[in-house]
1. Which one of the conditions (1) within 21 Å of the chain's Cα centre (by Cα); (2) at positive phi; (3) open to solvent by 10 Å² or more (accessible area, probe 1.4 Å) does Gly223 fail to meet, given that it meets all the rest?
2. If you check Glu297 against the conditions, is it free of Cβ contacts under 8 Å to residues at least 60 places away in the same chain, surrounded by fewer than 19 Cβ atoms within 10 Å (Cβ to Cβ), outside any loop (DSSP other than H, G, I, E, B) and not hydroxyl-bearing (Ser, Thr, Tyr)?
3. Can you tell me which residues in the range 172-213 are of a type in the set (D, E, K, R) and in contact with a Phe, Trp or Tyr (Cβ under 6 Å, 6 or more places away or on another chain)?
4. Is it fair to say Gly314 is farther than 27 Å from Leu219 by Cβ and not β-branched (Val, Ile, Thr)?
5. Quick check on my filter: what residues within the range 226-244 are farther than 27 Å from Arg151 by Cα and open to solvent by less than 20 Å² (accessible area, probe 1.4 Å)?
6. Determine whether the range 186-197 contains at least one residue that is among the hydrophobic types (A, V, I, L, M, F, W, C), surrounded by 18 or more Cβ atoms within 10 Å (Cβ to Cβ) and modelled with pLDDT of 95 or more.
7. Does Ala18 satisfy the condition of being surrounded by fewer than 21 Cβ atoms within 10 Å (Cβ to Cβ), at pLDDT below 95 and more than 30 Å from Pro173 (Cα to Cα)?
8. Might you check whether a residue that is crowded, with 21+ Cβ neighbours inside 10 Å, touching a residue at least 40 places away in the same chain (Cβ under 8 Å), touching a His at 6+ places or on another chain (Cβ under 9 Å) and under 25 Å from Leu281 (Cα atoms) occurs anywhere in the range 171-180?
Amino acid sequence: MAGNQKIDRLRDLLASTAKSGLLLTLQKNISWLANGRSFINTASEKSPASILVTKTRVGLFVSNIEADRLIEEEFDLEFDYLEVFPWYEPNQFELLVSKYIAKQEILLDLHVEEQLLQMRTILMEEDREEFQKQGVLTGEAIEQVAFELNRGESEYQLVGRLAKCCLERELEPIVNLAAVDGRTFKRRHPLPTSNRLDRYAMLVVCTRKKGKIVSASRLVHFGEPSDTLKDRHRGVIAVDSRLIAATVPGADFQDLYEVMQTAYSDAGYPEEWKYHHQGGLSGYNTREKLLLPENAEMNVETGQVFAWNPSISGVKSEDTILVGEKEATIVTHTGEYPMLEVKAGTKVVERPDILIR
């Protein structure tokens, strides 16, 4: 069982410290371990529950509001004990924890984030399978919106469509963006506005299910796009294809950073990478680690999930990939959207075209 293997890994981490217990409090770590939703507010980092792992026992600490729901509906993990405190007495939490372990003997998850990040982002087989299923559903959701949206709809209506299509597939849209027409050339993170679609739309989504996060973007145009837009799109998918092709076990972020910069230059847009981050390692955060010089020594490993999102003013290319033993697989591919084959060195990578309606 994946949960038991994860507990073993946490105990190995604990054994390398002078502490007697590891207390998980952040939703990304709780969701990773328990394979379930561990939030009320989707934007919160802290979970409403905490899990204490010691050498011999695993306990759940939670208020009376959430206890039954988490146990009966969410968490796929067996606990040795459960401690429930009244919501109106939150200080009871520390008193209950102290029954099992002294405060000075506790290691908090936020103090060992780098080690936990390594555990979270190298996925076990069960998690990989769930990511692949979620990837297809995410692709289906955003592409359904692309096929069905109408001219005259506002950006708010577009993200409303996107949220609906995600929730119908039991996915939570934690990032839900849209830009139309001229605004696509101005905003790289386009939170929706009242602007109404005339001819061109950019859709962006990050879905979450059981803590796992999948990202995708799609472009839609009514009628033939301009030569400028088509050239920029060819450029951005060339960059994306080279990043995807280079995301193989053993590659480090320094290599990938150089691949990215060279790809932008080769595409004829040498400065565009400076105006938006390029994505990076994903998993239980929208981006666990961005492609940055400060992360140069990080290596790509089998079982990791990446979401690259290169952009050139007006266009963007983004899907989620799962790194296999030799190369990466695009998990958000559905087979229903128009695609273009792009040569990236010795490899050919398929990238979404601009959907013409």
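The values are calculated or read from the model by the stated rules, or taken from the named source; none is laboratory data. Being a predicted model, the structure only gives us computed values, none of them experimental. Heads up, the Cβs are rebuilt from the backbone with ideal geometry, glycines too, and the neighbour counts pull from every protein chain shown. Just the protein is used for accessible areas: all its heavy atoms, side chains included, with ligands, DNA and RNA removed. Shrake-Rupley method; radii C 1.70, N 1.55, O 1.52, S 1.80 Å.
1. Condition not satisfied by Gly223: (1).
2. no
3. Within the range 172-213, Asp181, Arg199, Lys212 meet the criteria.
4. On the way: farther than 27 Å from Leu219 by Cβ: no; not β-branched (Val, Ile, Thr): yes.
No; evaluated as a whole, the condition is false for this residue.
5. Val239, Asp240, Ser241, Leu243, Ile244 - these are the residues of the range 226-244 that are farther than 27 Å from Arg151 by Cα and open to solvent by less than 20 Å² (accessible area, probe 1.4 Å).
6. Residues of the range 186-197 among the hydrophobic types (A, V, I, L, M, F, W, C): 191, 197.
Filter once more, so that each one left must be surrounded by 18 or more Cβ atoms within 10 Å (Cβ to Cβ): 197.
From what is left, the residues that are modelled with pLDDT of 95 or more are 197.
The answer is yes, given that some residue of the range 186-197 is among the hydrophobic types (A, V, I, L, M, F, W, C), surrounded by 18 or more Cβ atoms within 10 Å (Cβ to Cβ) and modelled with pLDDT of 95 or more.
7. Details: surrounded by fewer than 21 Cβ atoms within 10 Å (Cβ to Cβ): yes; at pLDDT below 95: yes; more than 30 Å from Pro173 (Cα to Cα): yes.
When the stated conditions are applied, Ala18 passes them.
8. Checked the range 171-180: no residue is crowded, with 21+ Cβ neighbours inside 10 Å, touching a residue at least 40 places away in the same chain (Cβ under 8 Å), touching a His at 6+ places or on another chain (Cβ under 9 Å) and under 25 Å from Leu281 (Cα atoms).
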